[in-house]
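A.B. asks: If you scroll down you'll find the structure; I have some questions about it.
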There are 2 protein chains.
Amino acid sequence: MPTPDRTSLEDIVRAAREILESHGLAGLTMQAVADRVGVRAPSLYKRVRSRNDLVGLVARATVRDLSDRLDAVVRSADPRADLGELARAFRAFAHARPAGFRLILGWGPETRKLDPDEQLRASASVLRVAADLAGPAHALEAARMITAWANGFISMELGGGFNLGGDIEEAYEFGIARLADALSADARR
Amino acid sequence: MPTPDRTSLEDIVRAAREILESHGLAGLTMQAVADRVGVRAPSLYKRVRSRNDLVGLVARATVRDLSDRLDAVVRSADPRADLGELARAFRAFAHARPAGFRLILGWGPETRKLDPDEQLRASASVLRVAADLAGPAHALEAARMITAWANGFISMELGGGFNLGGDIEEAYEFGIARLADALSADARR
DNA sequence: ACCTGAACACCGTTCAAGT
DNA sequence: ACCTGAACACCGTTCAAGT
């Protein structure tokens, strides 16, 4: 006789994301998730193949959120301004969900590789701005430069890599401005 | 009666570094280290407070190696050329010791915070080039921009974040050139 | 003074038994 | 069809007992 479901995959992923942010990836144990959704640990395996699988689902959900946020950045007539908005939205997301961000864009042993589809969607906004700024011929290289810089900056910031003093906010804006100069200068050649 | 030592801290750290590169951080277990140095796991605790401590020692040794490599980059009269050499040395180190690099500059849950001393030493070369390029007033911001970009680029490269095609070598050189432009343009104002 | 086996707590995961 | 307790393998770590 069927038992009524006491949880769902959606519940489980949500619980996992909350635990990830509050207790870190190491704190994201099957026990902790089970406790939170009100079930025993072995029951989770009815909806999820493994902890690894669950972490993958958390990563997917996180990239989707990030993509949504980046897509919401409005496109203006000024690619320089768009670059700034995009870079700030990216950083804001990282600050709002540091552990999730790290999971998909950090570069730990636990960092997830994303589906090409998901990755393309997340890259779309940057590629657009990069093309506007640097011209179509250098769009990909420019997008990589922007992404690498922003990702590296935020990673170091959140990881405590910036402890030589100085204003971090200013350093980020400095980077945006220099990047805009460098990439649009290139388009002028 | 004293037993002759069957291993040493140096041995242990060396073994740990080798295991880190060959089997990843997850494979770096006390068991594995003990097997490699020819002792039982509990004996390791005579020389090392905990696994965490051991990983910290591995991180320290790795930063020291990186610093040495960066210091060895010769300083020329041309700051643009120096930037390129430095960036390439940085990337070469990351390719030679990906797991170690990740441990100190990736941004995983396991990424180690470094001693301020060690960090300053590792940053010295970049700070010098940054000052040469952007002028003393913007040296710190410029150094952060360079570091963030290089670190982000390499992290994405090693983490498989670049799967939209294109030549990665070229993208790195593109970044070096744009960065040199952007930062030295700033010095001219 | 270093080394060891035994033991403990804590993981992820499996599975037979319950409803 | 989902849920559970019991059990297993594998961690890090402690400790009393060996030499």
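A.B. asks: Taking loop as defined by DSSP and a crowding limit of 12 other beta carbons within 10 Å, which trypsin sites (Lys or Arg not before Pro) in region B:112-183 fit?
C.D. replies: Taking region B:112-183 and a limit of 12 other Cβ atoms within 10 Å, no loop trypsin sites (Lys or Arg not before Pro) are found.
A.B. asks: Quick one: Kirkwood hydrodynamic radius for region A:1-123, alpha-carbon pairs, angstrom, one decimal?
C.D. replies: Hydrodynamic radius (Kirkwood, Cα only) of region A:1-123 equals 15.8 Å.
A.B. asks: Grab the beta carbon distance between B:Arg60 and B:Arg40, set R0 = 35 Å, and tell me the FRET efficiency rounded to 0.05. The partial results should precede the final answer.
C.D. replies: Numbers: r = 25 Å, r/R0 = 0.73.
In this case the efficiency is close to 0.85.
A.B. asks: Counting only helical runs of four or more DSSP H residues, what would the 222 nm mean residue ellipticity of chain B come to if each run contributes -39,500 (n - 2.57) and the total is spread over all its residues?
C.D. replies: Helix-only estimate at 222 nm: -23500 deg cm²/dmol.
A.B. asks: Going through the DSSP H helices of chain A, which span 15 Å or more along their own axis at the Cα atoms while scoring at least 0.0 as a mean Kyte-Doolittle hydropathy?
C.D. replies: Helix filter hits for chain A: A:9-27, A:116-134, A:139-158, A:168-188.
A.B. asks: Keeping all protein chains in place, calculate the accessible area per residue for chain A (probe 1.4 angstrom), answer in Å². Don't skip to the end; give the middle numbers.
C.D. replies: Details: 9010 Å² over 189 residues.
In whole numbers, chain A has 48 Å² accessible per residue.
A.B. asks: Let me ask something else. Starting from the Cα gyration tensor of the protein assembly as shown, take the square roots of the eigenvalues, sort them a ≥ b ≥ c, and report rounded, prolate or oblate (rounded when a/c is under 1.5, otherwise prolate if a/b is larger than b/c, else oblate).
C.D. replies: Oblate, because a/c is 1.5 or more while a/b does not exceed b/c.
A.B. asks: In Å³ and rounded to a whole number, note down the convex hull volume per residue for the Cα atoms of region B:117-189.
C.D. replies: So the per-residue Cα hull volume is 90 Å³.
A.B. asks: Right, something else. May I ask for the net charge around A:Ala32, where only other residues with Cβ less than 14 Å from the Cβ of A:Ala32 are counted and Lys, Arg are +1 while Asp, Glu are -1?
C.D. replies: Numbers: positive: A:Arg14, A:Arg17, A:Arg36, A:Arg40, A:Arg51; negative: A:Asp11, A:Glu18, A:Glu21, A:Asp35.
Within the 14 Å Cβ shell, the charges total +1.
A.B. asks: For chain A, with a Gaussian network of springs between Cα atoms less than 10 Å apart, report the residue from A:Ala87, A:Ala72, A:Ala26 with the top mean-square fluctuation.
C.D. replies: Sorting by GNM fluctuation, first place goes to A:Ala26.
A.B. asks: With unit charges on the beta carbon (Lys/Arg positive, Asp/Glu negative), name the residue among B:Leu54, B:Pro136, B:Ser125 whose Cα is farthest towards the positive pole of the charge dipole of region B:43-189.
C.D. replies: Result: B:Leu54, furthest along the dipole toward the positive end.
A.B. asks: For region A:1-49, which trypsin sites (Lys or Arg not before Pro) pass both filters: DSSP loop (anything but H, G, I, E, B) and at most 11 other C-beta atoms within 10 Å?
C.D. replies: Those that pass, being in a loop and sparsely packed, are A:Arg6, A:Arg40, A:Arg49.
A.B. asks: Name the residue, out of A:Ala16, A:Ala32, A:Ala94, whose mean-square fluctuation peaks in a Gaussian network model built on chain A with Cα pairs under 10 Å.
C.D. replies: Checking each option, the largest mean-square fluctuation is seen for A:Ala32.
A.B. asks: Report the A-B buried area as the accessible area lost on both sides summed, probe 1.4 Å, in Å² to the nearest 100.
C.D. replies: Accessible area lost upon association: around 4200 Å².
A.B. asks: When only Cα pairs under 8 Å and 6 or more residues apart are kept, what is the percent relative contact order across region A:55-189?
C.D. replies: Numbers: 115 pairs, mean separation 34.3, N = 135.
25 percent.
A.B. asks: Okay, moving on. Report, to the nearest whole %, how much of the accessible area of region A:1-106 belongs to carbon and sulfur atoms, 1.4 Å probe, protein only.
C.D. replies: Taking all protein chains in place, region A:1-106 shows 51 percent carbon and sulfur surface.
A.B. asks: Treating only the Cβ atoms of Lys and Arg (+1) and Asp and Glu (-1) as charged, compute the dipole magnitude of region B:131-189 about its Cα centre; round to the nearest 20 debye.
C.D. replies: Dipole size: approximately 320 debye.
A.B. asks: Taking R0 as 45 Å, what FRET efficiency do you get between B:Asp71 and A:Gln31 from their Cβ-Cβ distance, rounded to the nearest 0.05?
C.D. replies: For B:Asp71 and A:Gln31, the calculated efficiency is 0.45.
The values are calculated or read from the model by the stated rules, or taken from the named source; none is laboratory data. Only a predicted model underlies this, so the values are computations on that prediction, with no experimental measurement involved. Methodologically, a virtual Cβ is constructed for each residue, glycine included, from the backbone with ideal geometry; neighbour enumeration extends over all protein chains shown. Surface areas here come from the heavy atoms of the whole protein model, side chains and all, with no ligands, DNA or RNA. Shrake-Rupley method; radii C 1.70, N 1.55, O 1.52, S 1.80 Å.
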